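Every read-out reported here was derived from the displayed coordinates using simple, explicitly stated rules and does not represent laboratory data. Owing to the predicted nature of the structure, the values given are computational and were not obtained by experimental measurement. Here Cβ is always computed from backbone atoms with ideal geometry, including for glycine, and neighbour counts include all displayed protein chains.
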Amino acid sequence: MNPYTNLTEALEGLICQGYNISFIAKKNFINARNHNCKINYNEIVVNYAYHFWDPDPKLDAILYGFYSKKHCIKGLIIISCSMLLEIDSQEIEKQER
C-alpha cells in the first residue's frame with residue numbers, strides 16, 4: 001500500500017528516513033547523480049517501491065528507496081514508465097525484499 005498521495009510527498013518522506021542520494025538507472029547498474037558511485041543491481045535491497053499514476057502516461061513514475069550494504073548508502077531511484085523500455089526494471093524489482 002502506498003501511504004503517499006504524490007511523488008513529491010514520497011520523496012520528502014524517504015529523504016526524512018535517510019534515503020538522500022539520488023541515482024540514475026542504467027541498463028546494468030545505477031549511478032549516483034552527485035557522487036562518484038556506481039552500484040550493480042545485485043548490490044542493493046529495495047526497501048520501498050511506490051508507483052504514481054498520472055493522467056499523462058509520460059509522467060507515470062516509480063520511486064524506489066534502496067539500501068546498499070556494500071556501499072553503506074541509502075538511495076533513491078525515480079524511473080518514469082517511458083524509461084522502462086530503456087532499462088531492465090526487473091533487475092531492480094528482483095532486489096525487493
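Considering segment 48-68 alone, what residues qualify as being of a type in the set (D, E, K, R) and either under 20 Å from PRO3 (Cα atoms) or touching a helix residue (DSSP H, G or I) at 6+ places or on another chain (Cβ under 8 Å) (or both)?
Listed by number, the residues that qualify are ASP54, LYS58, ASP60.
Taking strands (runs of 3 or more DSSP E) that do not extend beyond segment 1-77, which have at least 2 residues that are small (Gly, Ala, Ser)? Walk me through how you get there before you give the answer.
Working: elements: 21-25, 29-32, 38-40, 45-52, 61-68.
Once the strands (runs of 3 or more DSSP E) in segment 1-77 are filtered for at least 2 residues that are small (Gly, Ala, Ser), what remains is 21-25, 61-68.
Tally time: how many residues in segment 37-66 are among the hydroxyl-bearing types (Ser, Thr, Tyr) and free of Cβ contacts under 8 Å to residues at least 40 places away in the same chain? Write out each step before concluding.
If we filter segment 37-66 for residues that are among the hydroxyl-bearing types (Ser, Thr, Tyr), which is where we start, we get 41, 48, 50, 64.
Next cut, free of Cβ contacts under 8 Å to residues at least 40 places away in the same chain only: 48, 64.
Total satisfying the criteria: 2.
Scan segment 1-41 residue by residue and report those that are within 18 Å of LYS74 (Cα to Cα), polar (S, T, N, Q) and surrounded by 11 or more Cβ atoms within 10 Å (Cβ to Cβ).
Selection gives GLN17, ASN20, SER22, ASN31, ASN40.
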